[in-house]
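**Q** Let me give you the structure first, and then I'll get to my questions.
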Amino acid sequence: MAKERFRLGEMHSMDDFNDTSAFYDSFSDDYRLWYRDWESELEREGLNLRRFLRPHNVKTVLDASCGPGTQAIALARLGFTVTAADPSAGILARARQNAAEYGVLDRITFIQSDFQNLHQRVQGPFDAVMSKGNSIPHLLRDDQIEETLLIFYELLRPGGLLMIGIRDFEPLLEDRPRFWPGRIHDEADEQIITFDVWDWDDGPPITVTFNSFVVRGSGTTYQVSKRPVVFRALTAEELEVVISEVGFENFQAQHDRWELLMTATKPER
């Protein structure tokens, strides 16, 4: 296992890290704009995740970056017991509301926490720990990534499954695209258009600010909002090295639409 660079009992100040809460708080009412169809997304996520979890005899799951509850609700509907954490109070409130609407609030324990303080706020061990939705790249420093993965390791039971979904920035680093299209939602009384403008910074490390635009209106009248959030341009190779150094084994990676889904297990002994 990699040498520990922090104490598990230590509480970190959120001021030390890339604070994304304002961004996700502001999107708590617009979370559905990230998806073509929310109901279809839940069905798909549940079926996709179950095929990874079943072979590992998973019953309890820690979703360390739950967002609006996409994975947590999908898994709870399939009978898994889920602890769902997120640093954003706004998006966490939305996840609770969504869980209640789908009748699974009693199967999910919601916790407000960032990655670095999870060990202070949740009680393991879990059969699986996951973070999907490109959340790990919000950690900008090497030591933050290592600390987070070590916490995940400590919260897993022996033989437990790690699942991380990230956008693999490796193929984007050379061209460094500036415009990234989103979705168009044709509502009853308005049209909603989303897209991102990316601002790159050479660092080190290389980071990219996603400026998320939402355009709403009808006819000839539209209004625009802009919300920025920062990611590290983390590559799969970089993350694989840290996963291995922390002590995980049986590493695998496969593409799942826009995400690269990376899995590994904690040794049995």
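**Q** Could you check segment 66-107 and list, in sequence order, the residues that are open to solvent by 20 Å² or more (accessible area, probe 1.4 Å), assigned to a loop (DSSP other than H, G, I, E, B) and farther than 18 Å from Gly133 by Cα?
**A** Within segment 66-107, Leu78, Gly79, Tyr102, Gly103 meet the criteria.
**Q** Let me ask you something else. Write out, first by first residue and then by second, each pair whose Cβ atoms fall under 8 Å of each other, whose residues are 6+ apart or on separate chains, and whose first residue, in segment 46-58, is of a type outside the set (A, V, I, L, M) while the second is open to solvent by 30 Å² or more (accessible area, probe 1.4 Å).
**A** Gly46/Arg77; Gly46/Leu78; Arg50/Leu78
**Q** If I ask for residues that are buried (at least 16 other Cβ atoms within 10 Å of the Cβ), of a type in the set (Gly, Ala, Ser) and assigned to a strand (DSSP E or B), which ones from segment 194-236 would you list?
**A** Of everything in segment 194-236, just one residue is buried (at least 16 other Cβ atoms within 10 Å of the Cβ), of a type in the set (Gly, Ala, Ser) and assigned to a strand (DSSP E or B), namely Ser212.
**Q** So, one more: Confirm whether Gly182 is surrounded by 15 or more Cβ atoms within 10 Å (Cβ to Cβ), under 30 Å from Glu268 (Cβ atoms) and of a type outside the set (D, E, K, R).
**A** Considered against the rule, which asks whether it is surrounded by 15 or more Cβ atoms within 10 Å (Cβ to Cβ), under 30 Å from Glu268 (Cβ atoms) and of a type outside the set (D, E, K, R), Gly182 comes out as no.
**Q** So, one more: Within segment 237-255, how many residues turn out to be assigned to a loop (DSSP other than H, G, I, E, B) and of a type in the set (Gly, Ala, Ser)?
**A** Of the residues in that region, 1 qualify.
**Q** Which members of segment 31-65 meet the condition of being assigned to a loop (DSSP other than H, G, I, E, B), at pLDDT 90 or above and open to solvent by 20 Å² or more (accessible area, probe 1.4 Å)?
**A** Within segment 31-65, Asn57, Lys59 qualify.
**Q** Could you go through segment 182-195 and let me know if any residue there is within 19 Å of Ile136 (Cβ to Cβ) and out of contact with any Cys (no Cβ under 9 Å at 6 or more places or on another chain).
**A** There is no residue in segment 182-195 that is within 19 Å of Ile136 (Cβ to Cβ) and out of contact with any Cys (no Cβ under 9 Å at 6 or more places or on another chain).
**Q** Of the conditions (1) surrounded by fewer than 20 Cβ atoms within 10 Å (Cβ to Cβ); (2) not in a strand (DSSP E or B); (3) not acidic (Asp, Glu), Arg157 satisfies every one except a single condition; which number is it?
**A** Result: Arg157 passes all but (2).
**Q** Something else about it: When you scan segment 131-140, do you find a residue that is in a helix (DSSP H, G or I), open to solvent by 20 Å² or more (accessible area, probe 1.4 Å) and of a type in the set (A, V, I, L, M, F, W, C), even just one?
**A** no
**Q** Hey, another quick one. Just to be sure I understand, how many residues within segment 1-30 are under 30 Å from Asp142 (Cβ atoms), among the charged types (D, E, K, R) and either at pLDDT 85 or above or in a helix (DSSP H, G or I) (or both)?
**A** 4
**Q** Test each condition in (1) open to solvent by 10 Å² or more (accessible area, probe 1.4 Å); (2) over 17 Å from Glu237 (Cα atoms) for Ala128 and report the one that comes out false.
**A** (1)
The values are calculated or read from the model by the stated rules, or taken from the named source; none is laboratory data. What you see is a predicted model; the values in this text were computed from it and never measured. We place every Cβ from the backbone using ideal geometry, glycine too, and count neighbours over all the protein chains shown. Just so you know, the surface numbers come from the protein's heavy atoms only, side chains and all, with ligands and any DNA or RNA stripped out. Shrake-Rupley method; radii C 1.70, N 1.55, O 1.52, S 1.80 Å.
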